[in-house]
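This report refers to the structure that appears directly beneath it.
The values are calculated or read from the model by the stated rules, or taken from the named source; none is laboratory data. Treat the numbers as computed from the prediction; the structure is a model and nothing was measured. Quick reminder, even Gly has a Cβ in these numbers, built from the backbone with ideal geometry, and neighbours come from all protein chains shown.
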Amino acid sequence: MRTIQSVNEMQSHAIGLRSGGQLIGLVPTMGSLHAGHLALIDIAKEEADKVIVSIFVNPAQFGPSEDYEQYPRVLEEDLEKCRERGVDIVFNPSVVEMYPQGYSTFVKEEHLSAGLCGVSRPHHFRGVTTVCLKLFNITRPDIAVFGQKDAQQCAVIKKMVTDLNLPTSVLVGPTLRDADGLATSSRNAYMSDVQRQEALSIPKALQIAQDMVQQGTRSVDRIVAEITHHLSLHRRVRVIYAQVVDKETMEPAREIEPGRHIACVAAWVDQTRLIDNVEL
Ligand code: AMP
């Protein structure tokens with residue numbers, strides 16, 4: 001496995017691979033790799049000849065009072081996991097390599113990124129689309145793999161790829177969960193055992209929503225009321241939003257059409273911000 005920190009080196013290597021007819025798969029991450037990331041790597045390995053994992057904690061997608069500084073950085077462990085998983089290249093540039101002095105160009109999707117997380121994190125998706133477009137230009141992927149856990153991110157990236165005619169196919173892997181139901185996330189490391197128990201109310205509330213739809217409920221109001229009621233029973237949990245939206249357009253749903261809509265939750269568990277969603 002090769003590790004590359006330089007943008008120029010990564011780009012010329014990727015161009016070389018492509019001209020040699022190799023299909024490139026990219027898995028963009030912020031590191032602190034967990035089973036959810038590894039499952040995306042497996043998808044990339046199945047679909048591409050060479051797999052590049054980028055590890056970059058992207059300052060542009062964090063707000064001023066968010067957890068950029070605390071975000072876990074465990075490069076050696078991540079490299080070991082990538083090696084074991086059969087990754088070909090890890091691209092882990094520094095912040096100045098990606099955003100040199102005087103950097104001033106940003107890409108912004110203006111519709112799908114406005115709701116849900118876009119309300120409480122107003123510059124987040126601008127940071128995500130900017131870094132992803134840069135990573136696509138640097139690593140030249142035929143496919144890029146993202147996780148359904150960040151459903152809005154998937155929709156925004158797909159829209160950017162369509163709108164800007166990028167020659168990359170976006171694949172979405174399912175949300176990976178720990179045995180207790182909590183979606184794996186680098187931010188889970190912030191929580192104590194007690195907080196984690198409270199956090200389980202999030203997948204539980206989403207499971208209740210799924211069950212209601214299975215039993216015939218189609219009213220979005222009733223589903224959202226049930227989700228928020230369940231979360232309100234947990235005193236460390238503060239809901240940022242609980243919404244049912246179309247999984248492609250992120251438009252709020254009126255009445256549930258099974259297979260088309262997802263229930264999304266963002267909540268604070270004390271100081272940890274978690275998101276999750278399920279298909280209804
Ligand atoms: P992150 O390192 O948190 O920026 O995530 C990198 C990629 O991994 C994104 O495409 C995420 O959607 C994806 N991801 C994070 N957690 C999970 C999970 N539990 N299951 C599947 N994919 C995930």
- Take Ala253 and decide whether it is of a type in the set (Gly, Ala, Ser), within 16 Å of Gln207 (Cβ to Cβ) and not assigned by TED's automatic domain parsing to the domain that holds Lys158. no
- Message: Out of Asp142, Asp150, I need the residue that is over 22 Å from Glu66 (Cα atoms), of a type in the set (Asp, Glu) and either assigned by TED's automatic domain parsing to the domain that holds Ile202 or surrounded by fewer than 22 Cβ atoms within 10 Å (Cβ to Cβ) (or both). Which one?
- Response: Asp142
- Determine the pairs where a residue that is part of a loop (DSSP other than H, G, I, E, B), located within region 35-51, has a partner that is within 14 Å of the ligand (Cβ to nearest atom) and aliphatic (A, V, I, L, M) with Cβ atoms under 7 Å apart, the partner being 6 or more residues away or on another chain. Ala48/Ile143
- Considering only helices (runs of 4 or more DSSP H) fully contained in region 182-263, which possess at least 2 residues that are within 16 Å of the ligand (Cβ to nearest atom) and buried (at least 19 other Cβ atoms within 10 Å of the Cβ)? 201-214
- Checked pairs for region 228-241, first farther than 10 Å from Asp270 by Cβ, second small (Gly, Ala, Ser) and modelled with pLDDT under 95, C-beta under 7 Å and 6 or more apart or across chains, list as none
- Note on the structure: Residue count, region 165-177, condition within 17 Å of the chain's Cα centre (by Cα), more than 9 Å from the ligand (Cβ to nearest atom) and surrounded by 15 or more Cβ atoms within 10 Å (Cβ to Cβ), comes to 2
